Every structure is written in structure tokens, then in C-alpha cells.
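Notes follow the structure.
The values are calculated or read from the model by the stated rules, or taken from the named source; none is laboratory data. Everything quoted here is computed from the prediction, not taken from an experiment. A quick note on method: Cβ atoms are made from the backbone with ideal geometry, for glycine too, and the neighbour counts reach across all protein chains shown.
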Amino acid sequence: MKMTAGRFADRFRGGPMFPGFALRPNHTGLLFPFAGRRRPRPKRLGGWQPPKVYGRIGSLEVRLARKKSEIRQAQRLRYKVFYEEMSAIPGALAMLSRRDEDAFDPIFDHLLVVDRGDPTSGRRWRRARVVGTYRVLRQEVADLYDGFYTQGEYDILPLMHAKRPHCRFMELGRSCVLKPYRTRRTVELLWQGIWTYVREHGIDVMIGCASFEGTDPKAHAHALSFLYHTALAPAEWRVAAHPHLHVDMNMLPPEAVNARAALKALPPLIKGYLRLGAYIGDGAVIDRQFGTTDVLIILPVEAIRTRYFAHFGGPDEFTETIGAEFAPLN
């Protein structure tokens, strides 16, 4: 055995007879074999961490998950919404655990809206109840692992590396709110958290999939055609669905699209993205597991309409904790 130099000085490595053999001391001082280079692991949640609160309205609070138990609450909420209310098809593990979870959850940050109960009426939950969630993934974290979840449906790499190499991207996904809490107040609080997170980390572009319920695109021909004709991303921002998944959104000519009817048919989340100034990618994708027809949302911070900055704060304005009350959107 011989000592190795540099940053591996705390390891013992085999000689010519055993070139692949390595021993590395752990925190107990014992040596374990075959301790070569490993991929970085996501930061483990556990123990006490100070809460990162991004806003409060009454008994509701928006903040980042700081414990595994809070992520499990978010996963149970996602299961209730996606699998029990909507058309997602659970696997055996999901049916047993009653949670929606995947391999991406450990590397995402999980934004939560929690109800802490009303202290003025004596109703205070023993444990804060998760009533809304979004999961967010920054590009620098995604690059350490297998990229963004969205890459499975859309060819986003040319946009990130060729067209906009100096932009910092962030993925949004798994958005849901518990049914009794689906109010303007809860949604605004969730978006307050997202925007504060964006400013905190200097994000330039938000991307992610938003969904129509059902796997028959023709049932949404009016709305999809409206998105194609009015919100398709310009060439410098355009991203297309992978060819084997691509569903043409241009089903009706512009003169056949009734804008009022199409807007009424849009899911509230997509409508909200459009109000902010989002673009839509080229092509829809059918997600059979979740029973949805997906479209790609591309939201550059530079495209967000300035009237919203008066409400949520400008891109360069950041305070770690947002005030308790704020006025409704105009």
C-alpha cells in the first residue's frame, strides 16, 4: 500500500498487483474498499434548518421544504390531485405509498404553501398542513445529474447551450393546490414564492410543462390552435417537442379560432403564464401516465410584463422575507 498525493492524501491505494483497490477512512477511522470517485449526491434534508419563508397571508405561508417529512406531505398532495382527482395512472409503489414521487424529487427544491391554522380562533395545527406545492430545479443542479425533467419531452438543449448560453435556466413542475384552497390568494402566494426564489438565485428563464386534462389533443383543438397562432415562441426562443412525441398544435386556421372561447378553454395555470408574458413551445406532447396533453412554457424574465413588478418586485429587488400582505393583481 502507498499514500496518494494531493486531495486524495487521506486514501490508501493498491500497488501494481491491485491497481483498482482503494481504501478510504470514514468518520469512524475504519477503512472501506473501492472508494473511487462518486457522483455528487443531492444535499440531504434532515435535522433542524431555519425556515426560508417567502411570504405570508393570514394563516398561509409560502416557504421551501426543509425536511423529508415536508417533501412527503407534498408528494401526498400531488397524489391526491393527480391520481385521485385527475387521470394519472399510479404504479404499484405509488398505490401503496399514496405518494407521487420520482427520481427527480431528491434534487429539486420544493416550494410549499402551508396552512398553520388560525391562532386568533384557537385553531392552530400541530403540524403545518401542506396545501400547495411547486418543485423547482436550477440549471447548475440539473447539470450535475441527468438534466431537466422537461428534456424527456422537449429538445431544450439547443436553446440552453446554443441560443442562450449565458442565461440561467430554472424548471418549474408538479404544480398543484388542495381543492378547498384553490383561491386567488393561495395562487398569488405560491407565485410570490417562485418570483422571490427566481430573484434570489438570479434566474433568467423559467421553463416547464403545463397540461390540458385528457390524452386526445383534438378535444383541445381550439385552445391549442389559439396558442399556436398567438403565443408560439419567436425563433430565438423556440423549442420543439421531440419528433417521436410531437403533436401538431396548428389544427385550425387563424380565422376559425374564436379568441374568447379559446381563452375560456385554457387551464388557469396556462392562462396565468400567458398573462405574465410566457411563450409556448412548438408541439404538444401526450403524457399517458398522467393522462394529460402537455405544452411547453418558456418564460424569460426579460419578457415578464413590467406591471407585475409593482406587485411582486422588480428582477433586481430582493428581500429574503416578503411582507405579510400584498394587494391582488390588477
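Among the residues making up region 218-263, a single one is of a type in the set (Lys, Arg) and under 25 Å from the mean Cα position of the chain (by Cα): Arg238. When you look at Cys176, is it at negative phi, assigned to a strand (DSSP E or B) and surrounded by 13 or more Cβ atoms within 10 Å (Cβ to Cβ), yes or no? Spelling it out, Cys176 is indeed at negative phi, assigned to a strand (DSSP E or B) and surrounded by 13 or more Cβ atoms within 10 Å (Cβ to Cβ). Taking the conditions (1) surrounded by fewer than 16 Cβ atoms within 10 Å (Cβ to Cβ); (2) part of a strand (DSSP E or B) in turn, Ser87 satisfies each one other than (2). When we screen Leu245, Leu227, Leu172 for residues that are touching an Asp or Glu at 6+ places or on another chain (Cβ under 9 Å) and either in the same structural domain as Ile298 (by TED's automatic domain parsing) or more than 15 Å from Thr293 (Cβ to Cβ) (or both), the only hit is Leu245. With respect to the conditions (1) crowded, with 19+ Cβ neighbours inside 10 Å; (2) assigned to a helix (DSSP H, G or I), Arg185 falls short on a single one, namely (1).
When the criteria are applied in full, Ser225 meets the requirement of being surrounded by fewer than 22 Cβ atoms within 10 Å (Cβ to Cβ), touching a Leu at 6+ places or on another chain (Cβ under 7 Å) and either over 28 Å from Pro158 (Cα atoms) or hydroxyl-bearing (Ser, Thr, Tyr) (or both).
Scanning region 154-170 for residues that are surrounded by fewer than 17 Cβ atoms within 10 Å (Cβ to Cβ), in a loop (DSSP other than H, G, I, E, B) and not charged (D, E, K, R) turns up Pro165, His166, Cys167.
Each row is one residue, and each column tells you yes or no for (1) under 28 Å from Gly272 (Cα atoms); (2) surrounded by 15 or more Cβ atoms within 10 Å (Cβ to Cβ); (3) at pLDDT below 95.
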| residue | (1), (2), (3) |
| --- | --- |
| Gly91 | no, no, yes |
| Arg116 | yes, yes, yes |
| Arg129 | yes, yes, yes |
| Gly132 | yes, yes, no |
| Glu140 | yes, no, no |
| Thr150 | yes, yes, no |
| Leu172 | yes, yes, no |
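Identify, from the list Gly281, Gly272, the residue that is modelled with pLDDT of 90 or more, in the same structural domain as His242 (by TED's automatic domain parsing) and within 22 Å of Thr186 (Cβ to Cβ). Lay out the reasoning, then the answer.
Working: Gly281 fails: within 22 Å of Thr186 (Cβ to Cβ).
When all the criteria are applied, what remains is Gly272.
Residues of region 218-227 include none that is closer than 30 Å to Arg185 by Cβ, in a loop (DSSP other than H, G, I, E, B) and aromatic (Phe, Trp, Tyr).
Looking for something part of a strand (DSSP E or B), acidic (Asp, Glu) and under 23 Å from Lys68 (Cβ atoms) - is there at least one such residue anywhere in region 131-143? Steps first, answer last, please.
Filtering region 131-143 down to residues part of a strand (DSSP E or B) leaves 131-138.
Right, trim to acidic (Asp, Glu) and you get none.
Within region 131-143 (the criterion being part of a strand (DSSP E or B), acidic (Asp, Glu) and under 23 Å from Lys68 (Cβ atoms)), the answer is no, since none of the residues qualifies.
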